[in-house]
Amino acid sequence: MTTQGTRIMLDINDTIDRGVYADIFRPSEGPLVYKLFIGFRHDTTVSQGLTDPEDDHRRRKTFESECRAYEIAAQDAFLRGHIPGSFRRCEIADIVEDGKNVAADYLLVCCYAMDYIEGFAAKLRAVGHLAHIREAEQAFHRAGIAHTSDASIFIADDPEKFRFIDFAVEAFPPPPWLFKS
């Protein structure tokens, strides 16, 4: 990653995870991760057949819903301690892969950054039986953050240090046919 003023440039080689809606980048020179939403030209969307303009609209709505949820959680005294710090929206200026521009594969204005958390994240359904995780999920819902079912939790066993990621005010899931086998 390089920054020129406020222009952020990412390199595909810094990708640490890929999802249905976004790729996660962790540039080696900084403490932040970037969740950058993919567009209809991205290999993932093409392979899933999610290349309709409505699919990009759904990804944009998901981005906005996740950003709003992080902003709400950061204002709550309890939740603030259980989400990654340094959350901020950002716009990506360029993405390169082996020196080639691949920015057209992404929704460059649909990106946010936050602190990198070391370790493995467990899905909520795997750790939701823990009392402190249930309490946090209830706090998210009380704050108006309704979509936590796809959340992942880092350091789930520690009632003080656990951190939630991947939550939103509301869900905009991909079409149900995507998950049929």
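The values are calculated or read from the model by the stated rules, or taken from the named source; none is laboratory data. Everything numeric here is computed off the predicted structure, so don't read it as measured data. Here the Cβ positions follow ideal geometry from the backbone for every residue, glycine too, while neighbour counts run over all protein chains shown. For accessibility, only protein heavy atoms count, side chains too; no ligands or nucleic acids. Shrake-Rupley method; radii C 1.70, N 1.55, O 1.52, S 1.80 Å.
Numbers below:
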{"item": "Long-range neighbours under 9 Å by Cβ, at least six apart or interchain, first residue farther than 21 Å from PHE63 by Cα within segment 132-149, second of a type in the set (Gly, Ala, Ser) and at pLDDT 95 or above", "result": "HIS132/ALA156; ILE133/ALA156; ARG134/GLY128; ALA139/ALA73"}
{"item": "Selection status of LEU10, part of a strand (DSSP E or B) and buried (at least 17 other Cβ atoms within 10 Å of the Cβ)", "result": "yes"}
{"item": "Candidate set: segment 105-136, residues that are within 29 Å of ASP11 (Cβ to Cβ) and among the acidic types (Asp, Glu); chosen: the one most open to solvent (accessible area, probe 1.4 Å)", "result": "GLU118"}
{"item": "Filter result for PHE37 (surrounded by 16 or more Cβ atoms within 10 Å (Cβ to Cβ) and in contact (Cβ under 8 Å) with a residue 24 or more places away in the chain)", "result": "yes"}
{"item": "Scope segment 140-181; condition among the basic types (Lys, Arg) and modelled with pLDDT of 95 or more; matching residues", "result": "ARG142, LYS161, ARG163"}
{"item": "Residue within segment 97-119 that is free of Cβ contacts under 8 Å to residues at least 40 places away in the same chain and within 15 Å of SER152 (Cβ to Cβ) present", "result": "yes"}
{"item": "Scope segment 59-78; condition closer than 17 Å to ARG18 by Cα and not hydroxyl-bearing (Ser, Thr, Tyr); matching residues", "result": "ARG59, ARG60, PHE63, GLU66"}
{"item": "Given (1) of a type outside the set (Val, Ile, Thr); (2) in contact with a Phe, Trp or Tyr (Cβ under 9 Å, 6 or more places away or on another chain); (3) without any contact (Cβ under 8 Å) to a residue 40 or more places away in the chain; (4) assigned to a helix (DSSP H, G or I), index of the condition ARG89 fails", "result": "(4)"}
{"item": "Number of the condition not met by VAL46 [criteria: (1) at pLDDT below 85; (2) among the aliphatic types (A, V, I, L, M); (3) surrounded by 14 or more Cβ atoms within 10 Å (Cβ to Cβ)]", "result": "(3)"}
{"item": "Some residue of segment 142-150 being under 18 Å from ASP76 (Cβ atoms), β-branched (Val, Ile, Thr) and touching an Asp or Glu at 6+ places or on another chain (Cβ under 8 Å)", "result": "yes"}
{"item": "All positions within segment 66-86 that are surrounded by fewer than 19 Cβ atoms within 10 Å (Cβ to Cβ) and assigned to a helix (DSSP H, G or I)", "result": "ARG68, GLU71, ILE72, ALA74, GLN75, ARG80, GLY81"}
{"item": "Condition check for GLY128: small (Gly, Ala, Ser) and at pLDDT below 95", "result": "no"}
